[in-house]
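Since the structure comes first, as structure tokens, the remarks are kept for the end.
The values are calculated or read from the model by the stated rules, or taken from the named source; none is laboratory data. None of these values were measured; they are calculated from a predicted model. FYI the Cβ positions are ideal-geometry reconstructions off the backbone, even for glycines, and counts take in every protein chain you see. Calculation scope for accessible area: heavy atoms of the full protein, side chains included, ligands and nucleic acids excluded. Shrake-Rupley method; radii C 1.70, N 1.55, O 1.52, S 1.80 Å.
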Amino acid sequence: MSLFRLGVLALPLTLPAVAHAETPVCSTVTSQPTLRLPRAADKLAKTKQLTIVVLGSSSTAGVGASGPDRTYPARLQQELAARFPGTTITVLNRGVNGEDAPENVRRMDRDVAPAQPDVVIWQVGTNALLRQFGLGNIGETIRTGITQLRGYGAEVVLMDPQYAPWVVADPDSKPMVKLIDDVGREMNVPVFHRFAMMQVWHDRDKISFPQMSAFDGLHGNDFAYDCLGRSLAYSVAMGLKAPSQPAVASTAVPRPR
């Protein structure tokens, strides 16, 4: 059994934030590509309501965050509420610790379909790397999952793995990122490039791994989840509004604890 199975899967949903002398600055909030969501945009314009399900594993569930309101799905909902006043946008967190893509697919009928989502953001690929599965048949699994989610009437967004020490150490990490991008292009599904965005934090913005990771070297901390949530919200918001109406970043960030 791998160290991941013995240790990381046993972590609680939330962990205390690690303090650092210097708080990083999130530079990517308004630099991420638009996630095109035409049917969701049309529904939001007509009904002022939208349901988004975020499906994934432990980084979606929120391991490393100091509280449930600090996970990236929670920050996504807070940001979208600020960007679209007068609407009701509900973001449901359907992350489960330790799951890989086949396990996600097996519970879609139970955990996704009943919500009747307009959009599903599917965070995928990390645990296949950590379990040393390599790429295997994950491409086919993702295709199957996309088809199933579309059967619920949802538009789908894929999110690739995080840029973190345990992930980048795997030689299959970049091939996994490319495979997810290729499947998204093939299936006409937008991809939120979390891996590349976090690499920008690390390489260009000189944010160290301890500043953007929990102590386990895999999951995010409050900074990482906040920056991810706000950057994702910008991309989603741009897909829900005309390009001539750029989304305005929210200042509704939870107070430090």
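Quick notes on this structure:
- Projected label points at residue 88 and residue 106, each 7 Å from Cα along the beta carbon direction, are separated by 3.5 nanometres.
- Extension reserve of the residue 131-residue 47 stretch, reckoned as 0.36 nm per residue once the Cα distance is removed: 25.9 nm
- Equivalent ellipsoid semi-axes - Cα gyration tensor, segment 134-251, angstrom: 25, 22, 11
- Applied to segment 27-39, the Karplus parametrisation 6.51 cos²θ - 1.76 cosθ + 1.60 on θ = phi - 60° returns per-residue 3J(HN,Hα) values of 9, 10, 4, 10, 10, 8, x, 5, 9, 6, 9, x, 6 Hz, with x for Gly and Pro.
- Model label sites at residue 116 and residue 39, defined 7 Å from Cα along the beta-carbon direction, differ in position by 1.4 nm.
- Here's the list of lysines a cross-link from residue 48 could span, going by alpha-carbon distance under 21 Å and ignoring same-chain residues fewer than 8 apart: 241.
- Using the Cβ-Cβ distance between residue 187 and residue 69 with R0 set to 45 Å, the FRET efficiency works out to roughly 0.85.
- Computed lengthening from residue 143 to residue 27, 0.36 nm per intervening residue step minus Cα-Cα distance: 38.5 nm
- Per residue, the accessible area of segment 64-201 comes to 38 Å² when a 1.4 Å probe rolls over the protein heavy atoms.
- A simple spin-label model places pseudo-atoms 7 Å from Cα toward Cβ; at residue 169 and residue 205 they are separated by 2.4 nm.
- Span per principal axis, largest first, for the Cα atoms of segment 103-200 (Å): 38, 25, 22
- Each residue of segment 78-143 gets 108 Å³ once the volume of the Cα convex hull is shared out per residue.
- Descending semi-axes in Å of segment 18-106, equivalent ellipsoid built from Cα gyration tensor: 25, 20, 13
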